[in-house]
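Comments concern the structure below.
The values are calculated or read from the model by the stated rules, or taken from the named source; none is laboratory data. All values reported here derive from a predicted model rather than from experimental measurement. For neighbour counting, all protein chains shown are included, and Cβ atoms are generated from backbone atoms with ideal geometry for every residue, glycine included.
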């Protein structure tokens, strides 16, 4: 069951999202803050950009951070037909009776940018690590401190039997851009 923006303001204003914007900010920026049934999160100003090299392979079971350049800035230019890894500006604490699904913003989608759809499980907390793909043949700018994705809250009628915290999930309480773990 989806809950409305008043519920989101009440829940999120109690430490579920930090920092929290009670209003949707839109003027001159890619929107962020409370939306009708969710929250538009922002992208932080730290990015991992692939460093292409002959013979290099990305292996999710043996991820090599040396395949990436660490970049910090207000604007990140994504290479064409590539991707970057970044994180949310907001820190999330998901209640035990809520599941969150993350979708990319249409402003970026219309520019050929796809944000990986990812769930935030009950009792997960941390900064969201975001994989962003540029499917266009052109470089695309990502704007730090502006909207990158919308998260939609799905409320349960009962609490889950086993939460992410109960499972001691490997991405619990992540603080920065967290690369794949096995």
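Remarks
- Selection from region 95-120 of residues that are over 13 Å from the mean Cα position of the chain (by Cα), crowded, with 19+ Cβ neighbours inside 10 Å and at pLDDT 95 or above: 108, 113
- Residue within region 142-163 that is exposed (fewer than 14 other Cβ atoms within 10 Å of the Cβ), closer than 30 Å to residue 62 by Cβ, under 18 Å from the mean Cα position of the chain (by Cα) and free of Cβ contacts under 8 Å to residues at least 12 places away in the same chain present: no
- Within region 164-175, being touching a residue at least 40 places away in the same chain (Cβ under 8 Å) and surrounded by 12 or more Cβ atoms within 10 Å (Cβ to Cβ) holds for 164, 165, 166, 169, 171, 172, 173, 174.
- Here the condition is being at positive phi, surrounded by 14 or more Cβ atoms within 10 Å (Cβ to Cβ) and at pLDDT 90 or above; of 28, 33, it holds for 33 alone.
- Selection status of residue 84, within 30 Å of residue 167 (Cβ to Cβ) and in contact with a helix residue (DSSP H, G or I) (Cβ under 9 Å, 6 or more places away or on another chain): no
- Residue match in region 33-49 (condition: in contact with a helix residue (DSSP H, G or I) (Cβ under 6 Å, 6 or more places away or on another chain), part of a strand (DSSP E or B) and more than 21 Å from residue 113 (Cα to Cα)): yes
- Put simply, of 61, 56 the only residue that is surrounded by fewer than 13 Cβ atoms within 10 Å (Cβ to Cβ), over 20 Å from the mean Cα position of the chain (by Cα) and at pLDDT 90 or above is 61.
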